Ligand code: AMP
């Protein structure tokens, strides 16, 4: 295991990357490698297998992506590298990151994931892919249809392996690994290293170098933290008391296990609370639906396991409740970091049984935070509650990035129309979020919906880039896109009403040509 010190802080130019890749990094604006990059890139370039114990946000995608891209031969049309991801959100995110790193290389990167038409993915594979970024199920499917052959896949990445395990994909991952050449190079990234992942590494990796990155600073200053001590059998009642007293705008309730999660959802529902659950036993479609409902403020309480909540990027959670105490201080920080975002305050409340007091003390020590005993809000000075969001989605882009007219277009939000969830929870939910959304989305006369994108020609984005993003990122056919208009500092696109929500979901917060983009439904 290696650890980086301040003294040997490296620069990208020290890592042995080619000028084309260095140029892309410069253009994206990365100044120096993150710790995982500084450690992993030289090892991977030297041909070693690497286990990276690192969470999202550490820069792990470039850590495996840059050496992988450097290793590829553009003249060879075979699939030379694969990246396996647990979810399609991650699949899309990784694909977009890799494409930005490959800006000056003649490398084709294709994303394949479930919930989207397989035929268009087959067509993309036929027209040539050096790298395939895939969810496990869809890759298996494409292999069995002979649309994807892995005999030349000499670089294999397993991204968020522990999440693949949690979702029950590990046997499929092993099957896929067996189809790759035995002399391949394998990189495995995982936030945690449960025994099955260790076993997988032992079986399928050759003398791997392990790089472990722990977040150095645990910043949880903006979050008020409290604990509730309660015997196990009284937890549900106490939770209900806490939730009622706190009256959160939105809260995530963390459980340790999938079963515990399902049980708590049932118990809370039985007591009349507005709650949904997110855990690895649910199908991708259901999880998509739950995430969307929560993001769009159509559900107040979300019960989740750590792993299932990882793909959830939400800004307006007022409360995190650790119904089960997390099993490490890092997990604690990761969990409670879901609240108190964007300069707002948030509250984190941790439930402990009497025999878990020692675990809580350890967390207090590691996090260096004061975690006091919970009191009812009326008994304490009220903390500043973030303003209630009126509409789904995130904050508009910083005002200085938009002209006045655009600010008006995105800032004046409609009140959320409470709509029944209908199909969003449905097992068939590959298209989660369509259909039930139309009530509060302004449509143009022909049923298209106008979306606002906070980047324009100034960011080097042109119409073709946006059409590409709609095609590749949001998996739209050209005929679902009725108009793309690029202005200097922002753009508008019009897409079919039934895919508008999905387009926002897939593209908002991603990167296009090195710039983070925000996509919102524009007010008509
Ligand atoms: P990841 O952990 O790969 O999901 O990356 C998290 C975020 O960090 C992404 O938005 C990356 O674009 C960004 N990032 C990755 N590497 C660097 C770097 N060396 N310097 C600054 N930002 C980075």
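Numbers for the structure displayed
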read-out	value
Total residues in segment 108-121, condition surrounded by fewer than 23 Cβ atoms within 10 Å (Cβ to Cβ) and touching a helix residue (DSSP H, G or I) at 6+ places or on another chain (Cβ under 7 Å)	4
Residue 146 vs. criteria more than 16 Å from the ligand (Cβ to nearest atom) and not in a loop (DSSP other than H, G, I, E, B)	no
Residue within segment 2-17 that is surrounded by fewer than 16 Cβ atoms within 10 Å (Cβ to Cβ), away from the ligand (no atom under 13 Å from the Cβ), closer than 26 Å to residue 158 by Cβ and modelled with pLDDT of 95 or more present	no
Condition check for residue 444: over 20 Å from residue 111 (Cα atoms), out of contact with any strand residue (DSSP E or B) (no Cβ under 7 Å at 6 or more places or on another chain) and at pLDDT below 85	no
Boolean, residue 20 is over 25 Å from residue 145 (Cα atoms), within 14 Å of the ligand (Cβ to nearest atom) and surrounded by 14 or more Cβ atoms within 10 Å (Cβ to Cβ)	no
Entirely in segment 174-288, the helices (runs of 4 or more DSSP H) that have 3 or more residues that are more than 28 Å from the chain's Cα centre (by Cα)	235-246
Residues of segment 67-93 satisfying the condition of being part of a helix (DSSP H, G or I) and either more than 16 Å from the ligand (Cβ to nearest atom) or closer than 22 Å to residue 181 by Cβ (or both)	67, 68, 69, 70, 71
Hey, residue 101 at pLDDT 90 or above and within 16 Å of the ligand (Cβ to nearest atom) or not	yes
Filter result (in a helix (DSSP H, G or I) and either at positive phi or near the ligand (Cβ under 7 Å from one of its atoms) (or both)) within segment 32-62	37, 60, 61, 62
Those residues of segment 470-524 which are part of a loop (DSSP other than H, G, I, E, B) and within 16 Å of the ligand (Cβ to nearest atom), in sequence order	508, 509, 510, 513, 514, 517, 518
Test: residue in segment 467-475 that is buried (at least 23 other Cβ atoms within 10 Å of the Cβ), touching a helix residue (DSSP H, G or I) at 6+ places or on another chain (Cβ under 6 Å) and without any contact (Cβ under 8 Å) to a residue 40 or more places away in the chain	yes
Residue that is surrounded by the fewest Cβ atoms within 10 Å (Cβ to Cβ) [pool: residues in segment 268-277 that are over 18 Å from residue 291 (Cβ atoms) and in contact with a strand residue (DSSP E or B) (Cβ under 9 Å, 6 or more places away or on another chain)]	269
Evaluation of residue 459 against (1) buried (at least 20 other Cβ atoms within 10 Å of the Cβ); (2) within 20 Å of residue 296 (Cβ to Cβ); (3) within 16 Å of the ligand (Cβ to nearest atom) (one fails), failing number	(2)
Residue list for segment 117-132, restricted to those being within 13 Å of residue 477 (Cα to Cα) and not in a helix (DSSP H, G or I)	117
Unique match (being farther than 28 Å from residue 25 by Cα and at pLDDT 85 or above) among 453, 486, 481	481
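The rows are residues; the columns are (1) within 21 Å of residue 53 (Cα to Cα); (2) modelled with pLDDT under 95; (3) assigned by TED's automatic domain parsing to the domain that holds residue 102.
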| position | (1), (2), (3) |
| --- | --- |
| 118 | no, yes, yes |
| 131 | no, no, yes |
| 134 | yes, no, yes |
| 153 | no, no, yes |
| 156 | yes, no, yes |
| 163 | yes, yes, yes |
| 169 | yes, yes, yes |
| 187 | yes, no, yes |
| 204 | yes, no, yes |
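Residue by residue, here is whether (1) surrounded by 18 or more Cβ atoms within 10 Å (Cβ to Cβ); (2) at pLDDT 75 or above holds:
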| position | (1), (2) |
| --- | --- |
| 297 | yes, yes |
| 336 | yes, yes |
| 341 | yes, no |
| 360 | yes, yes |
| 384 | no, no |
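The values are calculated or read from the model by the stated rules, or taken from the named source; none is laboratory data. Note that the structure is predicted; figures quoted are calculated from it, not measured. Cβ: placed from backbone, ideal geometry, glycine included. Neighbour counts: every protein chain shown.
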